[in-house]
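Here's the structure, in structure tokens; my notes come after.
The values are calculated or read from the model by the stated rules, or taken from the named source; none is laboratory data. Remember, it's a predicted structure, so these values are computed and weren't measured experimentally. Here the Cβ positions follow ideal geometry from the backbone for every residue, glycine too, while neighbour counts run over all protein chains shown.
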Amino acid sequence: MADEYQVEYEYSAGNTIQFKTDDLKIIPMRSNIRIDTRVDGTRVVTDPGHTYRIFTCTAFLTGTNMNTFHDVQMAAITYSGAYPRIKKIYWNGTTYEENIEVALVNISTLDRGAGWWHVSLRFEEKDQ
């Protein structure tokens, strides 16, 4: 059985949506890394060290939370120095990560009936 994570997404001061997921992926990225091959066949790596993470997961949300999520993401979000952010990720009852400034770059939803929504999310870290 997969581990279950509880993610607390804070889109503005004190306004949060919490959801549980068992398929959280955290993908480290290195932007601007380049591998060049010289004429003599030597490969040279240029890495300026710019890093960030991508967080993907799926979850089931109630209709109320889904409506809030939708309205917040479709509105003109203010990307300040602290929000939006993944406020906390809990794993096995302890805090795994916290206060990660993110942009929610993709949200895909499917109505499962009885007031529930299956949601796929992709967050990208703003600063690292």
Quick one: count up the residues across segment 80-121 that are under 14 Å from Thr16 (Cβ atoms) and assigned to a strand (DSSP E or B).
11
Would you please name the residue that is farthest from Leu121 (Cα to Cα), looking only at residues in segment 20-51 that are loosely packed, with under 10 Cβ neighbours inside 10 Å and among the aliphatic types (A, V, I, L, M)?
Val39
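Among what's in segment 98-116 and is under 14 Å from Thr56 (Cβ atoms) and not aliphatic (A, V, I, L, M), pick the residue that is surrounded by the fewest Cβ atoms within 10 Å (Cβ to Cβ). Break it down into steps so the answer makes sense when it comes.
Let us first name the residues in segment 98-116 that are under 14 Å from Thr56 (Cβ atoms), namely 100, 102-108.
Those left that are additionally not aliphatic (A, V, I, L, M): 106, 108.
Details: Asn106: 12, Ser108: 10.
This residue is Ser108.
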Among (1) in a helix (DSSP H, G or I); (2) touching a residue at least 24 places away in the same chain (Cβ under 8 Å); (3) within 17 Å of Arg112 (Cβ to Cβ), there is one condition Ala59 misses while meeting the rest; what is its number?
(1)
Candidates Asp127, Asp40 - the one that is modelled with pLDDT of 95 or more, at negative phi and outside any strand (DSSP E or B):
Asp40
All but one of (1) in contact (Cβ under 8 Å) with a residue 24 or more places away in the chain; (2) surrounded by 11 or more Cβ atoms within 10 Å (Cβ to Cβ); (3) not in a strand (DSSP E or B) hold for Ile54; which doesn't?
(3)
